[in-house]
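For reference, the structure is listed below as structure tokens.
The values are calculated or read from the model by the stated rules, or taken from the named source; none is laboratory data. On a predicted model such as this, the values are computed, not experimentally measured, just so you know. Note that we place each Cβ from the backbone using ideal geometry, even for glycine, and neighbour counts take in every protein chain shown. Just so you know, the surface numbers come from the protein's heavy atoms only, side chains and all, with ligands and any DNA or RNA stripped out. Shrake-Rupley method; radii C 1.70, N 1.55, O 1.52, S 1.80 Å.
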Amino acid sequence: MAMHFAESVRQWWRVRSSRREFEALDRATIAELARDNAIAEADFHSLAFRGDTNPALLGRRLRREGIAPEQLAHEEAAVMRDMAVICSGCLMTRRCRRDLDHQGGALPDDGYCPNAETIDALSRRCKPMS
């Protein structure tokens, strides 16, 4: 329990520090960063202030479905980027993490994952991980 609390405090501090750094950027820099990452500036702002996201969740979910995230990022960078943006804006982070933490078996198909249809389509056509 103490470790969980300590990690929560560290996460809070990282988010707070990142937010200060982001707020220090001028408008032109923010627009350039958004453009360089092919993300709408409004989405870039909202993603910058999401504190409870975990970028590793998408990779974990893809691996669980037999898709190599590194291969997908190389072969279909735009799809991977779009999925990452969608995942970063998701409000179901805790549930996703909990589902992924349960070992074995298929992930529940409760319709809460906004990337579920894309992942299903990818898993049907992508080769399994080696």
Item to check | Search result, residues across segment 23-43 that are part of a helix (DSSP H, G or I) and either among the hydrophobic types (A, V, I, L, M, F, W, C) or touching a residue at least 40 places away in the same chain (Cβ under 8 Å) (or both) | outcome: Ala24, Ala28, Ile30, Ala31, Leu33, Ala34, Ala42, Asp43
Next on the checklist: Could you check segment 72-92 and list, in sequence order, the residues that are free of Cβ contacts under 8 Å to residues at least 40 places away in the same chain, farther than 12 Å from Ala38 by Cβ and not in a loop (DSSP other than H, G, I, E, B)?
Outcome noted: Ala73, His74, Glu75, Met83, Ile86, Cys87
Next on the checklist: Taking the condition of being touching a residue at least 60 places away in the same chain (Cβ under 8 Å) and either more than 17 Å from Arg125 (Cβ to Cβ) or part of a loop (DSSP other than H, G, I, E, B) (or both), how many residues in segment 61-71 meet it?
Outcome noted: 3
Next on the checklist: So, in segment 95-115, how many residues would count as being open to solvent by less than 60 Å² (accessible area, probe 1.4 Å), among the charged types (D, E, K, R) and in contact (Cβ under 8 Å) with a residue 40 or more places away in the chain?
Outcome noted: 0
Next on the checklist: Against the definition (in a loop (DSSP other than H, G, I, E, B) and either under 22 Å from Arg14 (Cα atoms) or modelled with pLDDT under 90 (or both)), how does Ser46 come out, yes or no?
Outcome noted: no
Checklist entry - So which residues in segment 73-94 are of a type in the set (D, E, K, R) and open to solvent by less than 30 Å² (accessible area, probe 1.4 Å)? => result none
Checklist entry - Residues in segment 57-72: is at least one within 15 Å of the chain's Cα centre (by Cα), at pLDDT below 90 and surrounded by fewer than 14 Cβ atoms within 10 Å (Cβ to Cβ)? => result no
